[in-house]
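Nothing in this text is a laboratory measurement; each read-out follows from the coordinates by a stated rule. Just so we're clear, the structure is a prediction, and the values are computed from it rather than from any experiment. As a convention, Cβ positions derive from the backbone with ideal geometry for all residues, glycine included, and neighbour counts pool all protein chains shown.
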Amino acid sequence: MVQDHEDQLILEIDSNVEYIFEYSIDHWQTIHKPISKLSSSNLKQFLDLVDDNLHQYYEVHHGKLWKDDKRDEMQEDGLIYVWYEFKGELVGFISFKLVDDEEGIDGSVFYLYEIQIKEKFRGQKIGTKLMKNLENLVIYIRTKSNDDKILKINQLQQLSGIALTVFSQNKVAFEWYIRLGFKLSPSSPRDKVLRNGKVLKPDYYILYKSC
Ligand SMILES: CC(C)(COP(=O)(O)OP(=O)(O)OC[C@H]1O[C@@H](n2cnc3c(N)ncnc32)[C@H](O)[C@@H]1OP(=O)(O)O)[C@@H](O)C(=O)NCCC(=O)NCCS
């Protein structure tokens, strides 16, 4: 019963992704799949992109075997993947899932697990587009589930925004999220200022944006 409810939620969320993320430019394709339907070759491509983009941070914080844990995390139940391809080549992807017990945040959120753009496609607002679309998805699903008598599902009616985790050393991403309007979540680890004025940063921050 509980599993049926979870499955229904994931299918409902995924069924709205195409409408919000579709973007019709020649040779571009938007693809989306819940983790239960993702092929192992797609998963490998995504894991390899995380490796290319962020291995330096993961190695420091999670050791040489970080990729094994990452592979498990990337297959967690409930995750939905959305990615862009250009002429069949992966450009970038996001993965997210509905979380309804995020500490310090009322309602439920889409927790962003990954946003990864291949280096040669960066700086073209593709990442911004993915984030804005995710915000639009929050608003669209919340509104729809409040309006639609059949679809009144608590977790969807109470969707309040997006949460995510970012390494404090990943300054490019951290500052980018702040420019997009994210703020430290109430439950986020924070900087500590020592008596000599030195600032000790935590390994990661949790950011939140209400939509
Ligand atoms: C963070 C990330 C997703 C941003 O994606 P993107 O498509 O490059 O994002 P945008 O083009 O919308 O914005 C990138 C910003 O960096 C600047 N930028 C310019 N050229 C750039 C380049 N070659 N590479 C990266 N950033 C560049 C842009 O000017 C822009 O700044 P702005 O917000 O002031 O306009 C992307 O850099 C990335 O995949 N990084 C590695 C993975 C990562 O850190 N993910 C986040 C984990 S929490």
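Computed as a quarter of the hull surface, the mean projected area of the alpha carbon convex hull for the range 94-197 stands at 8.2 nm². Between the C-alpha center of the range 35-104 and that of the range 1-21 there is a gap of 19 Å.
The convex hull drawn around the Cα atoms of the range 14-76, when projected onto a plane and averaged over every direction, covers 5.6 nm². Near GLY92, the amide H atoms lying under 5 Å from its own belong to TYR84, LYS118; only residues 5 or more places off or on other chains count, and H is placed 1.01 Å from N.
A Cβ-based charge dipole, computed about the Cα centre of the chain with Lys and Arg at +1 and Asp and Glu at -1, lands at about 1060 debye.
The ratio of the alpha-carbon radius of gyration of the range 1-46 to the globular-protein estimate 2.2 N^0.38 Å is 1.41. If you bin all the Cα-Cα distances of the chain at 10 Å, starting from zero, the percentages per bin are 8, 32, 37, 18, 4, 1. Taking θ as phi - 60° and the Karplus parameters 6.51, -1.76 and 1.60, the scalar couplings of the range 21-30 work out to 8, 4, 8, 8, 10, 3, 6, 9, 9, 9 Hz in sequence order, x denoting glycine and proline. Coupling constants for the range 101-112 follow from the phi torsions by the Karplus curve (6.51 cos²θ - 1.76 cosθ + 1.60, θ = phi - 60°), and in residue order they are 9, 6, 4, x, 10, 6, x, 10, 9, 8, 8, 7 Hz; glycine and proline get x. Between CYS211 and GLY161, ILE162, the built amide H atoms are under 5 Å apart, and every one of these is 5 or more places off in sequence or on another chain.
Within straight cross-link reach of LYS192, meaning Cα distance under 29 Å, which lysines are found once same-chain residues fewer than 8 apart are removed? Partners found: LYS64, LYS70, LYS171, LYS183, LYS201, LYS209.
Annotation: amide H-H contacts under 5 Å for SER188 (H modelled 1.01 Å from N, sequence separation of 5 or more, or interchain): ILE206. For the range 104-160, lysine pairs separated by 8 or more sequence positions, or belonging to different chains, with Cα-Cα distances below 25 Å total 8.
Backbone geometry of the range 132-146 corresponds, through the Karplus equation with coefficients 6.51, -1.76 and 1.60 at θ = phi - 60°, to 3J(HN,Hα) couplings of 5, 5, 5, 4, 4, 5, 4, 5, 5, 5, 4, 4, 4, 6, 7 Hz, x marking Gly and Pro.
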